[in-house]
Amino acid sequence: DFDEDDEEPEKPPEPWMLPLPEVTNNIYLKSYFPVLKWNPNKAFGPADRRIWVVDHFAKSFYCLDAKGKTRRQHDANKLLQLERNVMDPRRARLMFFDAAKSYEIVFPSNDERERFYETGSSIRPAIRVYAPSLTKPDTAVDGGSTTTTIDGTKENAVVQKVPNPFKKTGELLDRELQGRCKINSSKVQDEPVSVWCGTFNMCGSPPPRDSSSLESWLPKGKYDLYAVGTQECSYQKEEGEWFAYVQEYLGKDYLTLASMQ
């Protein structure tokens, strides 16, 4: 007789790995972006120049000054928000869990901002990006995705000629790309997303201590995206309390994308 207990456990899929030289535009796996620090109260000056680095191999973001000195470093998994400004096509905002305030930066062009947004999004471990060339060939087209390991170790390391980000003379320099990184890639550009929207009247009180009290109002785990509003909040200066409250209820499969007040 057939015994279900005799079934062999399903094997996990074989890891999909691509050599770095085979990756299109691999320079964006470690890219330098000259920007200006946004300040609405004064004109831009030399002190506002910054270089933002997105390094997939180190899984980090770096903020450098105009001379190349590191001012800040943030792990990719600490990125809370990466937003494109809807009014200014050259501006973006970054917020990290381990930073006291957000970074508002201005790029030389909209194209540069979009490149930064794409590579900055793809470095995030919980984000899946449209990248057919990185996706395993036999993955189903309809919703198929792959966690792709890009191998730039040993003979797969690459040296590219790139513009010097610290000079405006058009001078080129060598940039070595080496190491390994992972990108969650998909063959599908658009996917249906289910959204739940609701608003919570706090009546001037902080959220209840037990987040399970949300069960009768907020359906957990049934939607891809939750847009949760609040009214009559008495703790505007402690918005992290509200984030933690909803996060505890929804669980680790969800992350905060954006907020406004």
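The values are calculated or read from the model by the stated rules, or taken from the named source; none is laboratory data. Computed from a prediction, not measured in an experiment: that's the story for all the values here. Don't worry about glycine lacking a Cβ; one is built from the backbone with ideal geometry, like all the others, and counts go over all protein chains shown. Ligands, DNA and RNA are excluded from the accessible area calculation, which covers all protein heavy atoms including side chains. Shrake-Rupley method; radii C 1.70, N 1.55, O 1.52, S 1.80 Å.
For this structure, a couple of remarks:
- Number of positions in the range 97-127 that are in a helix (DSSP H, G or I) and not acidic (Asp, Glu): 9
- Criterion: touching a Pro at 6+ places or on another chain (Cβ under 8 Å) and surrounded by 16 or more Cβ atoms within 10 Å (Cβ to Cβ) - qualifying residue of LYS182, LYS136: LYS182
- In the range 1-53, residue nearest to ARG180 (Cα to Cα) [restricted to those that are in a loop (DSSP other than H, G, I, E, B), touching a strand residue (DSSP E or B) at 6+ places or on another chain (Cβ under 7 Å) and modelled with pLDDT of 85 or more]: VAL23
- Selected residue [surrounded by 10 or more Cβ atoms within 10 Å (Cβ to Cβ) and more than 25 Å from ASN77 (Cβ to Cβ)] from LEU214, LEU177: LEU214
- For the range 139-170, taking the residues that are among the hydroxyl-bearing types (Ser, Thr, Tyr) and part of a loop (DSSP other than H, G, I, E, B), the one that is least open to solvent (accessible area, probe 1.4 Å) is identified as THR139.
- Exactly one residue out of TYR117, TYR130, TYR103 is among the aromatic types (Phe, Trp, Tyr) and more than 30 Å from ALA47 (Cα to Cα), and it is TYR130.
- Within the range 231-242, the set of residues being modelled with pLDDT under 80 and either more than 23 Å from the chain's Cα centre (by Cα) or buried (at least 16 other Cβ atoms within 10 Å of the Cβ) (or both) comprises CYS233, SER234, TYR235, GLN236, LYS237, GLU238, TRP242.
- Restricting the range 22-57 to residues that are among the charged types (D, E, K, R) and over 30 Å from ASN156 (Cα atoms), the residue that is surrounded by the most Cβ atoms within 10 Å (Cβ to Cβ) is ARG50.
- Residue pairs whose Cβ atoms lie under 8 Å apart, sitting 6 or more positions apart in sequence or on different chains, and linking a residue in the range 77-90 that is touching a residue at least 24 places away in the same chain (Cβ under 8 Å) and over 15 Å from GLY120 (Cα atoms) to a partner that is basic (Lys, Arg) and open to solvent by less than 100 Å² (accessible area, probe 1.4 Å), are PRO89/ARG113.
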